[in-house]
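Enquirer: Got a structure for you, questions after.
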Amino acid sequence: MVHCHLKSGGLMAKLISKIELKKIRKNLKNKKIGLCHGAFDVLHNGHLAHFQESRNQVDILIVSVTADQFIFKGPFQPYNNEISRTKFLLHINSIDYVYLDRNLTAEKLINELKPDIYFKGKDYLEKDITGNFKKELSILKKNNGKIVLTKTAISSSTKIINNFYKPLKDNAETYLNRISKNDPFYKINKALKKLENSTFSIIGDPIIDKYIHCEMSGLTTKDPAVSTIINDIQIIPGGVLAIAKILSKFLKKVNLYTYGNDKNIRKYLSKEKNINVINLDKDQEIQTKTRYINSTRYEKLLQVTNFKKNVFSKNIINKISKKIKNIKTNLLICDFGNGLIENEILKSIERLKINKFLNVQTNSINYGHNLYTKYKKFNYLSLDEKEWQLALGKNDLSNLGKTLNLKKNKISCSLTKGKKGSVYLWKNKSETCPVFIEKTIDTTGCGDAYFALTSIMLEAKLDRHLIPFVGNVYAGMHSQFFGNKEIVNKVNFLKYIKSLLNR
């Protein structure tokens with residue numbers, strides 16, 4: 001029975017600022033202070049009992065709420081924004097103070113408040129997939145505080161949202177309910193742990209994405225041209241550079257074979273210490289795609305590319321071929337059609353007796369001239385619907401598995417279909433997976449994100465039925481940022497997966 005009541009009248013808890021928080025320990029030296037920290041999204045009896053049991057052990061109970069920007073639990077979460085979540089807690093009588101914490105973890109908060117007791121639910125030690133709880137406990141110990149796990153019944157805001165609010169479309173809900181019966185989170189987490197000591201190589205074209213955010217002013221007076229005012233300019237590494245950054249979040253080491261100004265490439269990858277750059281041609285120019293964006297609606301107004309295709313000299317091609325011969329690890333081939341993987345370089349890659357994961361891109365610059373059919377040997381191929389149709393010369397892809405003779409050729413492939421999800425095919429089998437994030441900021445790089453995750457998870461021997469699932473989830477998370485500005489790390493990916501599967 002929960003005896004925690006909502007407050008009324010003047011009994012409300014107090015919402016405190018950062019300055020007030022720092023003063024609490026100083027002003028209440030003789031009081032035992034307790035701290036509860038979390039998202040507290042959809043409040044339930046478990047939360048109320050947790051607060052009451054915590055309050056019974058201290059003189060003052062402070063509840064800190066994680067700000068919206070630091071919650072990565074899944075689509076439509078937090079369900080209630082930080083203002084609503086904070087205000088609701090003010091009315092619970094076992095709480096004395098409420099604080100909105102704008103940090104990823106409670107480490108800074110614990111260090112400033114120095115609580116006597118830090119309260120968590122009894123299941124928290126088992127579900128600390130991020131490792132953040134261990135960091136918080138370390139700071140708590142340094143400040144002579146202790147951890148207490150309350151014995152209240154375990155419940156979950158995420159499970160309530162998934163089962164009762166049902167934020168996803170019916171096909172996504174049906175899919176998740178089906179796969180969640182076989183403990184997919186355990187399988188995915190296990191596969192990711194296998195990759196922690198792995199080294200992959202990756203070869204392909206670098207691209208620089210330049211975003212110019214503009215304020216629309218209307219048409220010019222003398223010509224039918226759009227007049228804009230520049231608000232912001234963002235320069236973001238794309239192409240094989242972005243894919244290498246994605247891989248670096250999951251692997252021990254990434255050997256990146258690419259080209260371009262060495263100083264610039266290393267600058268773009270300065271935060272990724274586990275990427276080893278093998279520069280194939282330091283004097284070769286990098287393709288830059290400049291996109292003009294309507295700042296109000298985030299619409300792309302115009303795209304301008306600085307050149308169509310690179311040309312490599314015979315001398316450089318020979319040097320590149322020699323470097324390729326030394327590749328001994330699994331290889332991701334990221335062919336953007338910018339001139340690198342052709343002729344003798346293509347033949348050198350084909351001669352490698354290693355596992356090869358292939359993505360050959362079609363875009364407005366190379367439309368119809370950069371097809372996967374130029375490759376004869378690969379283990380896995382990931383293309384979007386238009387790329388498959390162009391390469392095969394037909395629109396109907398319903399018999400894709402038979403067309404490629406997957407079982408005989410011992411290969412597998414993915415067909416990505418944007419908002420319609422994706423299909424993974426192997427042997428005489430296939431698995432169709434819907435999308436879980438429909439509202440996107442920018443789809444640039446989403447196909448690359450899908451390709452990167454599905455490739456390494458295949459090598460980690462993840463259950464084949466889960467391959468399109470991990471690809472769709474990661475690609476969806478990637479779509480929440482412009483271009484490749486933010487790369488989703490393993491911790492946030494796992495949190496998202498866990499949230500989706502909490503049913």
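The values are calculated or read from the model by the stated rules, or taken from the named source; none is laboratory data. Everything numeric in this text was worked out from a predicted model, so none of it was measured. Note that each Cβ is placed from the backbone with ideal geometry, even for glycine, and that neighbours are counted across all protein chains shown. Protein only, heavy atoms only, side chains kept; ligands, DNA and RNA dropped before computing areas. Shrake-Rupley method; radii C 1.70, N 1.55, O 1.52, S 1.80 Å.
Enquirer: Here are some residues: L397, L425. Which one is part of a loop (DSSP other than H, G, I, E, B) and in contact (Cβ under 8 Å) with a residue 12 or more places away in the chain?
Expert: Working: L425 fails: part of a loop (DSSP other than H, G, I, E, B).
Selected residue: L397, the only one of L397, L425 that is part of a loop (DSSP other than H, G, I, E, B) and in contact (Cβ under 8 Å) with a residue 12 or more places away in the chain.
Enquirer: Please verify whether S499 is open to solvent by less than 20 Å² (accessible area, probe 1.4 Å), in contact with a Gly (Cβ under 8 Å, 6 or more places away or on another chain) and either modelled with pLDDT of 95 or more or not in a loop (DSSP other than H, G, I, E, B) (or both), treating the condition exactly as stated.
Expert: Details: open to solvent by less than 20 Å² (accessible area, probe 1.4 Å): yes; in contact with a Gly (Cβ under 8 Å, 6 or more places away or on another chain): yes; either modelled with pLDDT of 95 or more or not in a loop (DSSP other than H, G, I, E, B) (or both): yes.
Against the criterion (open to solvent by less than 20 Å² (accessible area, probe 1.4 Å), in contact with a Gly (Cβ under 8 Å, 6 or more places away or on another chain) and either modelled with pLDDT of 95 or more or not in a loop (DSSP other than H, G, I, E, B) (or both)), S499 qualifies.
Enquirer: Sort out which residues of segment 402-422 are over 29 Å from the mean Cα position of the chain (by Cα) and part of a helix (DSSP H, G or I), and write them in order of number. Lay out the reasoning, then the answer.
Expert: Let us first name the residues in segment 402-422 that are over 29 Å from the mean Cα position of the chain (by Cα), namely 402-410.
Correct list: K402, T403, L404, L406, K407, K408, N409.
Enquirer: Would you point out the residue of segment 238-277, among those that are assigned to a strand (DSSP E or B) and free of Cβ contacts under 8 Å to residues at least 40 places away in the same chain, that is most open to solvent (accessible area, probe 1.4 Å)?
Expert: N276
Enquirer: Which residues, counting only those in segment 142-154, are open to solvent by 90 Å² or more (accessible area, probe 1.4 Å), part of a loop (DSSP other than H, G, I, E, B) and either more than 22 Å from N56 (Cβ to Cβ) or at pLDDT 90 or above (or both)?
Expert: Within segment 142-154, the first condition is being open to solvent by 90 Å² or more (accessible area, probe 1.4 Å), and the residues that meet it are 142, 144, 146, 151, 154.
Right, trim to part of a loop (DSSP other than H, G, I, E, B) and you get 144, 151, 154.
Within segment 142-154, N144 is the sole residue that qualifies.
Enquirer: Return yes or no: is I317 in a helix (DSSP H, G or I) and touching a helix residue (DSSP H, G or I) at 6+ places or on another chain (Cβ under 9 Å)?
Expert: Yes.
Enquirer: To continue, here is another question. Just to verify a result, which residue in segment 352-374, among those that are crowded, with 17+ Cβ neighbours inside 10 Å and β-branched (V, I, T), is modelled with the highest pLDDT?
Expert: This residue is V360.
Enquirer: Where residues in segment 402-431 are within 30 Å of K485 (Cβ to Cβ) and of a type in the set (V, I, T), which of them is surrounded by the fewest Cβ atoms within 10 Å (Cβ to Cβ)? Show your work before the answer.
Expert: Let us first name the residues in segment 402-431 that are within 30 Å of K485 (Cβ to Cβ), namely 413-424.
Subsequent filtering for residues that are of a type in the set (V, I, T) retains 416, 423.
Working: T416: 24, V423: 19.
This residue is V423.
Enquirer: Here are some residues: I139, I83, I92. Which one is touching a residue at least 12 places away in the same chain (Cβ under 8 Å) and more than 27 Å from N189 (Cβ to Cβ)? Please lay out each step first, then the result.
Expert: Numbers: I139 fails: more than 27 Å from N189 (Cβ to Cβ); I83 fails: touching a residue at least 12 places away in the same chain (Cβ under 8 Å).
Result: I92 is the single residue among I139, I83, I92 that is touching a residue at least 12 places away in the same chain (Cβ under 8 Å) and more than 27 Å from N189 (Cβ to Cβ).
Enquirer: Can you tell me which residue within segment 307-351, out of those that are touching an Asp or Glu at 6+ places or on another chain (Cβ under 9 Å) and hydroxyl-bearing (S, T, Y), is most open to solvent (accessible area, probe 1.4 Å)?
Expert: So the residue we want is S313.
Enquirer: OK, next. How about segment 400-422: which of its residues are touching a residue at least 24 places away in the same chain (Cβ under 8 Å) and on the phi > 0 side of the Ramachandran plot?
Expert: At the first step, the residues of segment 400-422 found to be touching a residue at least 24 places away in the same chain (Cβ under 8 Å) are 400-401, 410-418, 421-422.
K410, G418, G421 - these are the residues of segment 400-422 that are touching a residue at least 24 places away in the same chain (Cβ under 8 Å) and on the phi > 0 side of the Ramachandran plot.
Enquirer: Just to be sure before I move on: is N355 of a type in the set (S, T, N, Q) and over 27 Å from T444 (Cβ atoms) in the structure I sent? So that I can check it myself, show each step before the final result.
Expert: Values: of a type in the set (S, T, N, Q): yes; over 27 Å from T444 (Cβ atoms): yes.
Yes: the conditions hold for N355.
Enquirer: Any chance segment 433-451 includes a residue that's over 21 Å from F378 (Cα atoms), touching a residue at least 12 places away in the same chain (Cβ under 8 Å) and part of a helix (DSSP H, G or I)? Full working, then the answer.
Expert: Within segment 433-451, the first condition is being over 21 Å from F378 (Cα atoms), and the residues that meet it are 433-446.
Checking the rest, the ones that are also touching a residue at least 12 places away in the same chain (Cβ under 8 Å) come to 433-438, 440-446.
Narrowing the set further to residues that are part of a helix (DSSP H, G or I) leaves 446.
Scanning segment 433-451, I find at least one residue that is over 21 Å from F378 (Cα atoms), touching a residue at least 12 places away in the same chain (Cβ under 8 Å) and part of a helix (DSSP H, G or I), so the answer is yes.
Enquirer: Suppose we keep only residues that are of a type in the set (V, I, T) and within 16 Å of I207 (Cα to Cα) within segment 218-237. Which one would you say is most open to solvent (accessible area, probe 1.4 Å)?
Expert: Restricting attention to segment 218-237, the residues satisfying the condition of being of a type in the set (V, I, T) are 220-221, 226, 228-230, 233, 235-236.
So of that shortlist, the ones also within 16 Å of I207 (Cα to Cα) come out as 235-236.
Details: I235: 100, I236: 9 Å².
If we take residues in segment 218-237 being of a type in the set (V, I, T) and within 16 Å of I207 (Cα to Cα), then I235 is most open to solvent (accessible area, probe 1.4 Å).
Enquirer: Quick one: which of T440, T444 is surrounded by 19 or more Cβ atoms within 10 Å (Cβ to Cβ) and among the hydroxyl-bearing types (S, T, Y)? Before you say what the answer is, go through the steps one by one.
Expert: Details: T440 fails: surrounded by 19 or more Cβ atoms within 10 Å (Cβ to Cβ).
So the residue among T440, T444 that is surrounded by 19 or more Cβ atoms within 10 Å (Cβ to Cβ) and among the hydroxyl-bearing types (S, T, Y) is T444.
Enquirer: Given the conditions (1) open to solvent by 10 Å² or more (accessible area, probe 1.4 Å); (2) touching a helix residue (DSSP H, G or I) at 6+ places or on another chain (Cβ under 8 Å); (3) in a loop (DSSP other than H, G, I, E, B), and given that N484 satisfies all but one, which numbered condition is not satisfied?
Expert: (1)
Enquirer: Let me ask something else about it. I want to confirm something. Restricting to segment 278-288 and keeping residues that are in contact (Cβ under 8 Å) with a residue 24 or more places away in the chain and open to solvent by 20 Å² or more (accessible area, probe 1.4 Å), which single residue is farthest from I230 (Cα to Cα)?
Expert: I278
Enquirer: Tell me yes or no: at least one residue of segment 208-228 is assigned to a helix (DSSP H, G or I) and within 30 Å of K356 (Cβ to Cβ). Can you show your working first?
Expert: Narrowing segment 208-228 to residues assigned to a helix (DSSP H, G or I): none.
No, the conditions are met nowhere in segment 208-228.
Enquirer: Of all residues in segment 336-393, how many are outside any loop (DSSP other than H, G, I, E, B) and of a type in the set (V, I, T)?
Expert: Filtering segment 336-393 down to residues outside any loop (DSSP other than H, G, I, E, B) leaves 343-350, 356-360, 372-374, 380-392.
The next check asks that each one be of a type in the set (V, I, T); those that pass are 345, 349, 360, 373.
Residues that pass the stated criteria total 4.
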